[in-house]
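Participant: I have a structure here, written as structure tokens, and I will follow up with some questions on it.
The values are calculated or read from the model by the stated rules, or taken from the named source; none is laboratory data. All of these numbers come straight from a predicted model, not from anything done at the bench. Cβ: placed from backbone, ideal geometry, glycine included. Neighbour counts: every protein chain shown. The area values use the complete protein model at the heavy-atom level, side chains included, leaving out ligands, DNA and RNA. Shrake-Rupley method; radii C 1.70, N 1.55, O 1.52, S 1.80 Å.
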Amino acid sequence: MNVDQYIATLPKNIMSGDDVSLPDKTIHRLLNFAKLKSGETFCHLGCGSGYALQIAKQYGAHVCGVDINESRVQEAGRTLGDDADVRVGDVRWCDIPSSDVILFWFADPSITHVMPQRFSKLDDNVRIITIWGPLPGCLPNSVQFPFVLNVTPLRSAPDIKSQIQAVFGVSCISYGTAWEYAERYTKALQPEDAQNDRFLTILQALTIWYSAYSLGVTCEDNIPESVSTYTTIMSRFFGIDFGHYNP
Ligand SMILES: C[S@@+](CC[C@H](N)C(=O)[O-])C[C@H]1O[C@@H](n2cnc3c(N)ncnc32)[C@H](O)[C@@H]1O
């Protein structure tokens, strides 16, 4: 089974991210990274039942959110009270509420690809936080991986290499870099007591490295020994195959 087939066996909501909520510490880290201040407006696109908005309220922020799921929006409205502006809508075409900081955590390309165009119509100096990567085609303003800050007016990236350089701070991806960033990502998104950190880090590091390899942006010209060792472990003990990533 290759890694894409393995991922396809996971429950649908895990892959869509629909039921994934960020741990408290991660929300605090990202709000601090965004330098959210009292009196500013924080808007969560894809806010679900509004958990990140509850935490943002503790910073003295006005909060707003949009989500496609009506029952979650109702729940958010109940917990956040009347002063929160939470609406049902599809982020691809709803009005984006006027805000200082926006959290936009989507991976679905049918959503992410239309957003730079939509965000480019916002006022200047809106801080848009994405998780894991910048907005498609954009050069981030700063990165505290896995959090990425994109400020309007958005800057366009000349090519994938400049995006990689901006996100990973390097001009090519070594397996060491892939591992370090995989670990940061896993730690940021997992609850404190997670038992499967190591497995996810290996899976994520191989995914980063092989993706970089197929784009021709790894530092290594050939598959390094550590990558082939982990690839063999994944294949032999977990039945997950990365071979199809090879160019
Ligand atoms: C972590 S977000 C991202 C999930 C998304 N499927 C993806 O990977 O791009 C999950 C939240 O976004 C909401 N959501 C999914 N698609 C949406 C859309 N097109 N517009 C607004 N909210 C959406 C879900 O109801 C859920 O509360």
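Participant: Kirkwood hydrodynamic radius, computed over distinct alpha-carbon pairs, for the stretch 129-246: how many Å, to one decimal?
Facilitator: On the way: mean 1/r = 0.0663 Å⁻¹.
Roughly 15.1 Å, rounded to one decimal.
Participant: If you don't mind, another one. How many lysine pairs does the stretch 10-169 hold where the Cα atoms are under 19 Å apart and the two sit 8 or more places apart or on different chains?
Facilitator: Close lysine pairs found across the stretch 10-169: 5.
Participant: Okay, next question. What are the residues whose amide H is under 5 Å from the amide H of Ile128, where those residues sit 5 or more places off or on another chain and H is modelled from the backbone?
Facilitator: Placed amide hydrogens put Ile102, Asn150, Val151, Thr152 under 5 Å from Ile128.
Participant: Could you give the spread of the C-alpha atoms of the chain along their three principal axes, from largest to smallest, in whole angstroms?
Facilitator: Sorted largest first, the three principal extents are 57, 37, 29 Å.
Participant: Related question: Order these peptides, 215-223, 124-132, 69-77, by their mean beta-carbon neighbour count within 10 angstrom, highest first.
Facilitator: Descending mean neighbour count gives 124-132, 69-77, 215-223.
Participant: Could you compute the FRET efficiency for Glu220 and Val88, with r as their C-beta to C-beta distance and R0 at 45 Å, rounded to 0.05? Before the final figure, lay out each step's value.
Facilitator: Working: r = 48 Å, r/R0 = 1.06.
The formula returns an efficiency of 0.40 here.
Participant: What is the set of long-range amide H partners of Cys47 at a cut-off below 5 Å, with H atoms built 1.01 Å from backbone N?
Facilitator: The answer is Val66, Asp67.
Participant: While we're on this one: Carbon and sulfur together cover what percent of the accessible area of the stretch 12-157 at a 1.4 Å probe radius? Can you show the working numbers first?
Facilitator: Details: 3420 of 7040 Å².
Within the stretch 12-157, the accessible surface is 49 percent carbon and sulfur.
Participant: Run lengths n ≥ 4 of DSSP H only: what is the helix-derived mean residue ellipticity at 222 nm for the chain, with -39500 (n - 2.57) per run over all residues, to the nearest 500?
Facilitator: Value at 222 nm, helices only, nearest 500: -12500 deg cm²/dmol.
Participant: Put +1 on the Cβ of each Lys and Arg and -1 on the Cβ of each Asp and Glu in the chain; which of Ser211, Leu200, Ile102 then has its Cα farthest toward the positive end of the dipole?
Facilitator: Ile102
Participant: Probe of 1.4 angstrom, ligands and nucleic acids ignored: what's the accessible area per residue over the chain, in square angstrom?
Facilitator: Per residue, the chain has 51 Å² of solvent-accessible surface.
Participant: According to a simple spin-label model (label point 7 Å from Cα along Cα-to-Cβ), what is the distance in nm between Gln58 and Thr232?
Facilitator: My value for the distance between the label points is 4.7 nm.
Participant: If I compute solvent accessible area with a 1.4 Å probe over the protein chains, what percent of it on the stretch 170-245 is carbon and sulfur?
Facilitator: On the way: 1970 of 3880 Å².
Reported share for carbon and sulfur atoms: 51 percent.
Participant: How large is the charge dipole for the chain, taken about the Cα centre, if only the Cβ atoms of Lys, Arg (+1) and Asp, Glu (-1) carry charge, to the nearest 20 debye? Spell out each step's value before the answer.
Facilitator: Working: 19 positive and 27 negative charges, 60 e Å.
So the magnitude is around 280 debye.
Participant: At a 10 angstrom cut-off on C-beta neighbours, averaged per residue, how do the peptides 147-160, 34-47 rank from highest to lowest? Walk me through the numbers before you get to the answer.
Facilitator: Numbers: 147-160: 16.7, 34-47: 19.1.
Ranked by mean Cβ neighbours within 10 Å, highest first: 34-47, 147-160.
Participant: In a GNM of the chain with a 10 Å cut-off on Cα contacts, which of Trp105, Trp179, Trp93 has the highest mean-square fluctuation?
Facilitator: Among Trp105, Trp179, Trp93, the largest mean-square fluctuation in the Gaussian network model of the chain belongs to Trp93.
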